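Asks: I am attaching a structure below and will ask some questions about it afterwards.
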Amino acid sequence: MKLPNGVRMFLLRACSEALATFSNLCRRKIREENLCPICHPQEETLSHALWSCGVARDVWGQASRHIQKTTTNDPCFNVVWSQMRERLFQPEMEEAGMIKRLLWTRRNDFVHGKAFRHPNSIIQKTEGDLRCFKKAQTKTYVGITRGSTPCEKWKKPSEGKYKLNWDAAIDVSRDLVGIGGIIRDCNGEVLATLRAKRKMILSPFAAEAYALMVAMLFSNEAGILKLMLKGDSLQVVQKLQKLVEDWSIGGLIVEDTRKVLKSFISWSVCHTKRDANMIAHKLAKDALLSDYDLYDLEEIPNCIKQLVAVEAFVTLFKQ
Ligand SMILES: [Zn+2]
């Protein structure tokens, strides 16, 4: 099966039930309710979200004929996927893999407040992405890596609390804002990461405020309600700490963020140096390169694996 790395990784994680469905979050005691955020009466297992949910069926109903005819109702995603493998040809499996990835992205977008995409647009994007991918395979890309290590020590949150580091990256030439967030527990374990991209023109202050808002909604949705917020924008941190009237876009976003934070059990915010916020920064930069929003649970994205390892090492030996 020839699919983009992101889609392959996604399927791998889906087959090992490593995605943050409400059912999985419930099992990990991060959330209390496991119902599908879209159709409600059903439990949101992965097989439900990617196959049997009514809104997923609408998309599958427009896929290739062989895929449409596949009937399976197994609650385990792995079984659903294996059954498809047995019945479908390679191009159909590639199509199915791509659709599943887009269904998950659409579900996440919906959960995070974006408009719900029409089934047609998913099918069109599947076809377009597969075409682009096949074309791109003939080209070679050169990746640029910059050697960087976090100098300042990252500190663990206290017992029972979680730490959210967030950051924004701006691509001025394309009017894009990249959003990065990472949530870690009191043992320093990575619980979740977020990479999202929005087409908007914002000042650095407003972009930082917006990134915090998205990261905080992500945390709220994951049921993580005891949060220590850490960011490298002094302006955002100070405005969040102390109510000051500010009618700029950034100021208004901070105001909205403060309102949402009221629904948290506890929260605090403090400023951190850029060096200690490198992982969130890297996630924000990486978000600019992706076509999709990426929400990872207990899975460390490749772009930060090295930084996380270095930071764990530094934290361990500089206590
Ligand atoms: Zn559903």
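The values are calculated or read from the model by the stated rules, or taken from the named source; none is laboratory data. Since this is a predicted model, take the numbers as computed values, not measurements. Positions of Cβ are generated from backbone atoms using ideal geometry, with glycine treated the same way; all protein chains shown enter the neighbour counts.
Asks: Within the range 24-46, track down each residue that is away from the ligand (no atom under 11 Å from the Cβ) and not in a loop (DSSP other than H, G, I, E, B).
Replies: Residues of the range 24-46 that are away from the ligand (no atom under 11 Å from the Cβ), as a first pass: 24-34, 46.
Asn24, Leu25, Cys26, Arg27, Leu46, listed by residue number.
Asks: Consider Ala63 against the criteria (1) part of a helix (DSSP H, G or I); (2) among the hydrophobic types (A, V, I, L, M, F, W, C); (3) over 20 Å from the mean Cα position of the chain (by Cα): it satisfies all of them except one. Which criterion is unmet?
Replies: Answer for Ala63: the failing condition is (1).
Asks: A further question on this structure: Does Asp296 satisfy the criteria of being of a type in the set (Asp, Glu), more than 17 Å from the chain's Cα centre (by Cα) and either over 30 Å from Cys132 (Cα atoms) or in a strand (DSSP E or B) (or both)?
Replies: Working: of a type in the set (Asp, Glu): yes; more than 17 Å from the chain's Cα centre (by Cα): no; either over 30 Å from Cys132 (Cα atoms) or in a strand (DSSP E or B) (or both): yes.
When the stated conditions are applied, Asp296 does not pass them.
Asks: Output the number of residues of the range 68-115 satisfying the condition of being polar (S, T, N, Q) and assigned to a helix (DSSP H, G or I). Spell out the reasoning first.
Replies: Residues of the range 68-115 polar (S, T, N, Q): 68, 70-73, 78, 82-83, 90, 105, 108.
In the following step, the residues that additionally are assigned to a helix (DSSP H, G or I) were identified as 68, 78, 82-83, 90, 105, 108.
Selection size over the range 68-115: 7.
Asks: Answer yes if at least one residue in the range 247-254 is farther than 30 Å from Phe22 by Cβ and either in the same structural domain as Val111 (by TED's automatic domain parsing) or charged (D, E, K, R) (or both), and no otherwise. Explain how you work it out, then say what you get.
Replies: Start the filter on the range 247-254 by keeping residues that are farther than 30 Å from Phe22 by Cβ, which leaves 247-252.
Remaining after also requiring either in the same structural domain as Val111 (by TED's automatic domain parsing) or charged (D, E, K, R) (or both): none.
Scanning the range 247-254, I find no residue that is farther than 30 Å from Phe22 by Cβ and either in the same structural domain as Val111 (by TED's automatic domain parsing) or charged (D, E, K, R) (or both), so the answer is no.
Asks: Suppose we filter Asp74, Asp58 for residues that are in the same structural domain as Phe116 (by TED's automatic domain parsing), surrounded by fewer than 21 Cβ atoms within 10 Å (Cβ to Cβ) and touching a Ser or Thr at 6+ places or on another chain (Cβ under 8 Å); which single one remains? Write out each step before concluding.
Replies: Details: Asp58 fails: touching a Ser or Thr at 6+ places or on another chain (Cβ under 8 Å).
Within the list Asp74, Asp58, the selection yields Asp74.
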